[in-house]
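Novice: I have a structure I would like to understand better, so I am pasting it below and will then ask my questions one at a time.
The values are calculated or read from the model by the stated rules, or taken from the named source; none is laboratory data. Nothing here was measured: the structure is a model prediction, and the numbers come from that model. Cβ: placed from backbone, ideal geometry, glycine included. Neighbour counts: every protein chain shown. Note: areas computed on protein heavy atoms with side chains; ligands, DNA, RNA excluded. Shrake-Rupley method; radii C 1.70, N 1.55, O 1.52, S 1.80 Å.
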Amino acid sequence: MPQKKCVRRDGLMTELYDESRRYMASYALFNQAVADHLRLHPTDVQCLNLLSLEPCPVTIGRVAELTGLTTGSATRLVDRLERAGYVTRERDAEDRRRVLVAAVPERMAELSAFWRRLNGAWGTMFDAYSDAEVALLIAHMRRTVELSAQQVERLRTGEIG
């Protein structure tokens with residue numbers, strides 16, 4: 001009996017890895033389509049997404065942390081977002097040497113409305129799941145975010161060749 005269970009698990013894991021690759025590719029292509037629609041770079045779209053989750057304006061260093069970019073690349077990203085009207089730079093009231101990146105509320109409201117139009121289809125898809133299944137999906141996503149951050153670090157430090 002254990003042999004049969006092991007074969008079943010191996011098959012499921014192969015299917016999971018294959019579907020994960022399709023899932024990630026479809027998300028990357030979706031993100032590119034969103035970026036093209038908004039006339040932004042895909043990284044810019046994700047930066048705006050992450051900035052919308054921050055409780056207050058952030059430094060370029062924080063933008064770099066959120067996106068995994070160098071501070072130079074994060075500066076160029078913020079330059080693009082500023083030209084597109086999504087963010088402004090402002091001096092920190094408590095430390096005038098620091099410059100903060102602040103989202104432009106009107107542009108973020110436009111972006112939120114755009115996401116709501118897209119999210120309707122996902123909401124309908126998630127309606128088919130029980131509360132327990134949705135909770136499982138949330139737990140999976142949180143663990144995936146954590147593991148992805150660890151894997152990015154391993155790639156950047158050369159631990160994975």
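Novice: Please tell me if residue 92 is over 18 Å from the mean Cα position of the chain (by Cα) and open to solvent by less than 40 Å² (accessible area, probe 1.4 Å).
Specialist: Considered against the rule, which asks whether it is over 18 Å from the mean Cα position of the chain (by Cα) and open to solvent by less than 40 Å² (accessible area, probe 1.4 Å), residue 92 comes out as yes.
Novice: Moving to a separate point now. Considering only the stretch 12-103, give the helices (runs of 4 or more DSSP H) lying wholly within it that have at least 3 residues that are of a type in the set (Lys, Arg) and in contact with a helix residue (DSSP H, G or I) (Cβ under 8 Å, 6 or more places away or on another chain). Explain how you work it out, then say what you get.
Specialist: Numbers: elements: 42-52, 60-67, 71-83.
In the stretch 12-103, no matching helices (runs of 4 or more DSSP H) lie anywhere.
Novice: Report, by residue number, each residue of the stretch 79-89 that is without any contact (Cβ under 8 Å) to a residue 24 or more places away in the chain and surrounded by 10 or more Cβ atoms within 10 Å (Cβ to Cβ).
Specialist: Of everything in the stretch 79-89, those that are without any contact (Cβ under 8 Å) to a residue 24 or more places away in the chain and surrounded by 10 or more Cβ atoms within 10 Å (Cβ to Cβ) turn out to be 79, 82, 85, 88, 89.
Novice: While we're on this one: Evaluate the following for residue 124: is it within 24 Å of the chain's Cα centre (by Cα) and surrounded by fewer than 12 Cβ atoms within 10 Å (Cβ to Cβ)?
Specialist: yes
Novice: Conditions first: (1) more than 15 Å from the chain's Cα centre (by Cα); (2) at pLDDT below 95. Residue 83 passes all but one, so which condition is the exception?
Specialist: Unmet for residue 83, out of (1) more than 15 Å from the chain's Cα centre (by Cα); (2) at pLDDT below 95: (2).
Novice: List the pairs whose first member sits in the stretch 53-70 and is within 18 Å of residue 145 (Cβ to Cβ), whose second member is open to solvent by 40 Å² or more (accessible area, probe 1.4 Å) and basic (Lys, Arg), and whose Cβ atoms are under 8 Å apart, counting only residues at least 6 apart or on separate chains?
Specialist: Every condition considered, the pairs that remain are 54/62; 68/156.
Novice: Also, quick follow-up: Any residue that is closer than 29 Å to residue 89 by Cβ, of a type outside the set (A, V, I, L, M, F, W, C) and open to solvent by 40 Å² or more (accessible area, probe 1.4 Å) - is there at least one of those in the stretch 12-27? Quick ask: steps written out before the conclusion?
Specialist: The initial filter retains those residues of the stretch 12-27 that are closer than 29 Å to residue 89 by Cβ, namely none.
No - not one qualifying residue is present in the stretch 12-27.
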